[in-house]
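Below is one structure, written out as structure tokens; the observations come after it.
The values are calculated or read from the model by the stated rules, or taken from the named source; none is laboratory data. Computed from a predicted structure; not experimentally measured. All Cβ positions, even for glycine, are placed from backbone atoms using ideal geometry, and neighbour counts span all protein chains on display. Calculation scope for accessible area: heavy atoms of the full protein, side chains included, ligands and nucleic acids excluded. Shrake-Rupley method; radii C 1.70, N 1.55, O 1.52, S 1.80 Å.
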Amino acid sequence: MSGCQLLRALGRSLGLGRSHLKVDSRHVVLITGCDSGLGHSLAVYCHDSLQMTVVSCCHNLKSEGAKLLQALNPSQDGRNRMYTLELDLLEPDSIRLVHGQLREILSQDPNYQLNALVNNAGVMCFGEFEWQLPEQIETQINCNLLGTMRLTRELLPLLRQQQGRIINVTSHCGLQALPALGPYAASKAALRFWSDSLRVELQQYDMEVVNFIPGSFVMDSNIAARQQQHAQKMWEAFSQEQHALYDSYFEAFNTYLKVLTGFKPPNRLRNESLLAKFRDALTSSQPLALYIEEPWRYRLYRWLFAICPTPLVDWLTLRFCAMPTYESTKQATEDLVDS
């Protein structure tokens, strides 16, 4: 790291000399996972509030979220500022196609500048590690981590040429692993450390890499919409011994999670604090390396996790999750029999 880079990094950590880039339709941002939830809301925010040109990547162009984004064209200023592309992070050909489409979009206006890549797309599956099938585990790793890496690597020369930044949306699960979310937490923790490595690597090219951790919006997105289908596949794969041991617990566990099942309509998050932090990550001349949006409950538990010994952290983790456990289900069954 050169002396100038060191001074810049110190200034960033101290909050010195920070200003915000005034963005407009010349500035292009590509966001993944825009079918619903956070990605959809960020795409609308960048388009409506920041007046940027948005390349919103959806898993399915026929989804309600994709159609709502497509309907934003033409904008009130008469320009097309919303491009909706189909992207499957599990398919290398899909990633290459999006790269080509992005280049074509940028070629339409010599004033276009690729301002940022926002890696938001992800998948989640609840279930103890023994329950989850290999394909469920691998899909979470392949999409959340490897797919994000593949897309970033594909677009990196273009981002480097235009000094665009990379914003990786990770998770509180990458800070503190939670039971029943092992593979998901592993993918997000790996994404967090990869972001740190990439940030140091790209500083010498005057590029920024940001780790963005939103609060828990699982209820406002479709990231776990297929949970009951995942659960059915797990249950069907149980051995006779696993059925005898787990069935009551498994039923209680997935009954608790039924509220997550089913596809919800796209929404626009109204969390002004989150949007303000995202704007800073996107437009600050010296963005922070890490942004965390969290309710006070998350902040309290995260502080306790940092100072408590491991046995107490384990106990606090179960309290934080507040989900059925094998022991609680077994005790409830015994109490029912005794009564």
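At an R0 of 22 angstrom, the distance between the Cβ atoms of SER107 and ARG279 translates into a FRET efficiency of 0.20. Recomputing volume of the Cα convex hull per residue in Å³ from the coordinates shown identifies the correct label among (i) 237; (ii) 181; (iii) 155 as (iii). Near the amide H of VAL210, within less than 5 Å, lie the amide hydrogens of ILE166, ILE167, ASN168, all on another chain or at least 5 residues away, with H placed in the peptide plane.
Rounded to the nearest 20 Debye, what is the dipole magnitude of the chain about its Cα centre when Lys and Arg each give +1 and Asp and Glu each give -1 at the C-beta?
Values: 31 positive and 34 negative charges, 316 e Å.
With Lys and Arg at +1 and Asp and Glu at -1, about 1520 debye.
When the residues HIS99, HIS40 are ordered by accessible surface, computed with a 1.4 Å probe over the protein chains alone, the sequence from largest down reads HIS99, HIS40.
Projecting the Cα atoms of PRO295, GLY100, LEU260 onto the charge dipole of the chain (Cβ charges, centred on the Cα centre) puts GLY100 farthest toward the positive pole.
By its C-alpha gyration tensor, with a ≥ b ≥ c as the square roots of the eigenvalues, how is the stretch 43-100 shaped: rounded for a/c under 1.5, else prolate for a/b larger than b/c, else oblate? Taking the square roots of the gyration eigenvalues as a ≥ b ≥ c, the stretch 43-100 is prolate. Residues TRP315, TRP131, TRP296, TRP194, ordered by accessible area of protein heavy atoms at a 1.4 angstrom probe radius and largest first, appear as TRP296, TRP315, TRP194, TRP131. Given R0 = 25 Å, the distance between the Cβ atoms of ASP48 and GLU272 translates into a calculated FRET efficiency of 0.95. About the centre of its Cα atoms, the stretch 94-206 shows a dipole size close to 300 debye [charges on the beta carbon of Lys, Arg (+1) and Asp, Glu (-1) only; nearest 20 debye]. Cross-link reach is defined here as a Cα-Cα straight distance under 28 Å, omitting same-chain residues fewer than 8 places apart; for LYS233 the lysines meeting it are LYS62, LYS188, LYS258, LYS264, LYS330.
Here the sum of -39500 (n - 2.57) over DSSP H runs of 4 or more residues, divided by the residues of the chain, equals -15500 deg cm²/dmol at 222 nm, to the nearest 500.
Extending 7 Å from Cα along the Cβ direction at LEU316 and again at LYS330 yields two label points whose distance is 2.7 nm.
Among residues other than TRP194 whose Cβ falls under 14 Å from its Cβ, what is the net charge (Lys/Arg +1, Asp/Glu -1)?
+3
Treating r as the C-beta distance of HIS20 and LEU97 and R0 as 30 Å, the FRET efficiency rounds to 0.35. For the stretch 244-310, the Cβ-based charge dipole about the Cα centre amounts to some 260 debye (Lys, Arg positive; Asp, Glu negative; other atoms uncharged).
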